[in-house]
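To start, the structure itself, in structure tokens.
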Amino acid sequence: MKRIAPTRLAVSLLFVALGSASLSACAPLMLGGAAASALVATDRRTSGMQVEDQGIQLKSANRLRDALGGRGHINVNAYNRTVLLSGEVDSEADRLAAEQTVARVENVTKVINQLIVGPASTLGTRSNDVLVAGKVRATLVDARDLISNAFDIVVERGEVYLMGIVTEREAQRAAELTASIPGVKKVVKAFEIISEDELANRLPRPAGNSGTGTPPAN
């Protein structure tokens, strides 16, 4: 049986909890200062963008309640001003109305409408989605060639939606790993793709590296 180092196991368990929380855009998430700072630092969005995305989620959820009168079961996830709508609504008219409502929210640049017309998912289905999200997050944490916090995970009815600012290699690798997990029915890639050079520019420079490429004078 493969053993996981204590530190790596602790990180894995932390991200399992985060994966579960990400199932609902309105789910509260409270972390200690050190853990929260680490997550903010490894997120590829700026801290300002992370705050803006939270605001977009709240505004979108409020306006959806006003527009649809509480009909349906809709989750809202915002990442870098792109909004993913998932869940169930009562009619095609409600599905279109939800997309149009969110598209009018300030600073939203794109809406990915994955709502389906049908009855709301059961409590059992949602509980299973929490378990699947935990498995996906733990798998990405354990992948040594990926930075797991670059990925935002949403699970609806066993279908996994992956968001994030990633390279093509990272997107393909994460999708392949996710598809191999028991309980995953489908993987939907909703990434913002950047080049390897762009990624290198986003990553923090090693301590003591001025970035100029000029060796010190003798």
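We did not get these values from a lab; they are worked out from the coordinates using the rules stated. The structure presented is a predicted model; accordingly, all values stated were derived computationally and were not measured. Cβ sites come from the backbone with ideal geometry, for glycine too, and all protein chains shown count toward neighbours.
From the cross-link list LYS59/LYS110; LYS135/LYS186; LYS59/LYS189, which pairs have alpha carbons spaced over 19 Å apart? LYS59/LYS189, as the Cα separations exceed 19 Å there. The slack in the chain from ALA143 to ASP90, taken as 0.36 nm per residue of separation less the alpha-carbon distance, amounts to 15.2 nm. Here the alpha carbons of the stretch 121-203 define both size measures, Rg and Dmax, at 13.1, 44 Å. The protection proxy used here, the mean number of other Cβ atoms lying within 10 Å of each residue, ranks peptides 164-175, 92-103 as follows, highest first: 164-175, 92-103. For LYS185, a cut-off of 15 angstrom between C-alpha atoms picks up these aspartates and glutamates, skipping any fewer than 8 places away in its own chain: ASP129, GLU156, GLU159, GLU176. Applying 0.36 nm per residue to the separation of SER47 and VAL117 and subtracting their alpha-carbon distance, the gain on full extension is 21.7 nm.
Modelled spin labels at THR125 and GLN172, positioned 7 Å past Cα toward Cβ, are 3.4 nm from each other. If both residues of a DSSP beta bridge must be in the stretch 121-203, then about 45% of such bridges are antiparallel.
Amide H contacts of THR167 (H built 1.01 Å from N, in plane; Pro and chain starts excluded): ILE194 sit under 5 Å, all sequence-distant by 5 or more or on other chains.
The convex hull of the Cα atoms of the stretch 61-218, projected and averaged over all directions, covers 12.0 nm².
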